[in-house]
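One structure is given below, encoded as structure tokens.
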Amino acid sequence: MGPLLGSHYEILGLEPTATFEQVERAYRYHIGVYSDSALATYSLLDPGERQIARAQVQEAYDVLKDPLRRRTYDVSIGLAPAPVPVSVTHDAAPPPRGVALEGPVTGAALRGFRERSGVSLKDIAERSKVGLRYLQYIEEDRHNDLPARVYLRGFLLEYARALGLEPARTADAYLATLPKR
Amino acid sequence: MSAPLAMPPPPAADARPQRQIWSVGGGKGGIGKSLLTASLGWQLAQLGKRVVLVDADLGGANLHTCLGLQNPKRTLGDFIQRRVAQIEDVLVETGQPGLRLVSGASDFLSAANINYAQKVRVLNRLRALDVDVVLIDLGAGTSYNIIDFFLISNLGLLTVVPEPTSVENGYRFIKSALYRKLRIATREGPARQLIDDALSQREGKGFKNPVELLNAVREIDPPAVDLMKKAMASFQPRFILNQVRAESDVAVGHHLVTACVRHLGIRASYAGFVHYDDAVWQAVRHRRLFVVEAPRSRASEEVRRLACGLLRGESLQLPW
């Protein structure tokens, strides 16, 4: 327990729907508030308390900036439902890492999940190195504009990874929604 | 981030809907409060409002000098001491249409110690003035007179400069004002005793902050906590950051709000900032207001922005 109370969101002064950029800016702001040279906290907190406050801000940021850790955190504080448990297959494949979406994995479903996670398409583009345009096509289910399957699967794996979804499962489920070529 | 948006202030009990009382305090002397208040009053009049400036800094009155006026013949002290019957009798024209002054000039220190009845009389007469804004320049420090004027205002503005001593005095002022408000809100009893302890304690002893006080009261007098929480919720001081020099100073205003909300449980907000500007001291030398002599200077633009923001009940928000 430090001088800052509440969830990681509250410590950074954010709504649970905060975007990645908002998390960044809130982090930098709050590190400034509790820096040793900050005028506003100099007489309210002693140096030890300010140091702990900065550590709390850092921890909140480290969790919220990482989509997978953030997702896990959201579940742990009851912000999001727990992911659907995956049944174990007999060939002892390693358990999939990441969340699995319920229902058909259409572009709309992916977009809904992304927005609920508070991640922008731009963030995904930056993180996954997949072009923004293709990500839009994927989410908009613009089947005619999607690239060839072999490339598309790669994009989908990257997209899923960036959101903390189970990559292979998600990619294959999306591909299953496409009309047969 | 959603720094708390300032709620519209409650109207004074017998007021016409538009008339507001604004007070400008600042725990420390020499931070430009009087100049800021005079300029703000002038700017509000420029915006078409009917304004009465009140120099409540008895014993240290400066507003008339800021406005370039000779020592007015009638002053607030005359009204308090009943040498005149009506407060209208001490209103002085300033040369700016829509802006009049109740001066504290030539009122010496004895006039500064007004008693409770006199204070109530002044407040009632100010409330009854037929104007849009009554803008009161409080003195420096945290005396009860200063704090009581601050508390009855629709807007309580606290001037701070980006220096550690000013910030420290600002917090001292805010805590004193809040404890006094809590005291007024609670009845005689154990809770009041704790509040008196908080008021009389030296820095570092007793309760570190209002939140700790609230927790202590919860142990011994739970019903009082609701009264106190209500009083705290309606205590919404606004910071004005004056004499800003470095760009990093501007963020100090936001930091102060964050610190007040998180660590004092106080719903402060950031009304605006004004840069240190050579145009200001140059105008002062000429005994003119900088908003008159240098209307397009940076400080003048910022006072105009401040005035507009205050009229709209807005405060600065963090930009994300």
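The values are calculated or read from the model by the stated rules, or taken from the named source; none is laboratory data. Here the structure is a predicted model, which is why all the values come from computation and not from measurement. Virtual Cβ from ideal backbone geometry, glycine too; neighbours counted across all protein chains shown.
Overview of values
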quantity: Qualifying residue in segment B:270-284 (condition: within 14 Å of chain A (Cβ to nearest Cβ) and crowded, with 24+ Cβ neighbours inside 10 Å); calculated: yes
quantity: Boolean, B:GLU247 is farther than 20 Å from B:VAL161 by Cβ, charged (D, E, K, R), free of Cβ contacts under 8 Å to residues at least 24 places away in the same chain and within 14 Å of chain A (Cβ to nearest Cβ); calculated: no
quantity: Residues (part of a loop (DSSP other than H, G, I, E, B), among the charged types (D, E, K, R) and either without any contact (Cβ under 8 Å) to a residue 40 or more places away in the chain or buried (at least 19 other Cβ atoms within 10 Å of the Cβ) (or both)) located in segment B:26-67; calculated: B:LYS28, B:LYS49, B:ASP57
quantity: Lone qualifier among A:LEU175, A:LEU156, A:LEU121 - being surrounded by fewer than 20 Cβ atoms within 10 Å (Cβ to Cβ) and at pLDDT 90 or above; calculated: A:LEU175
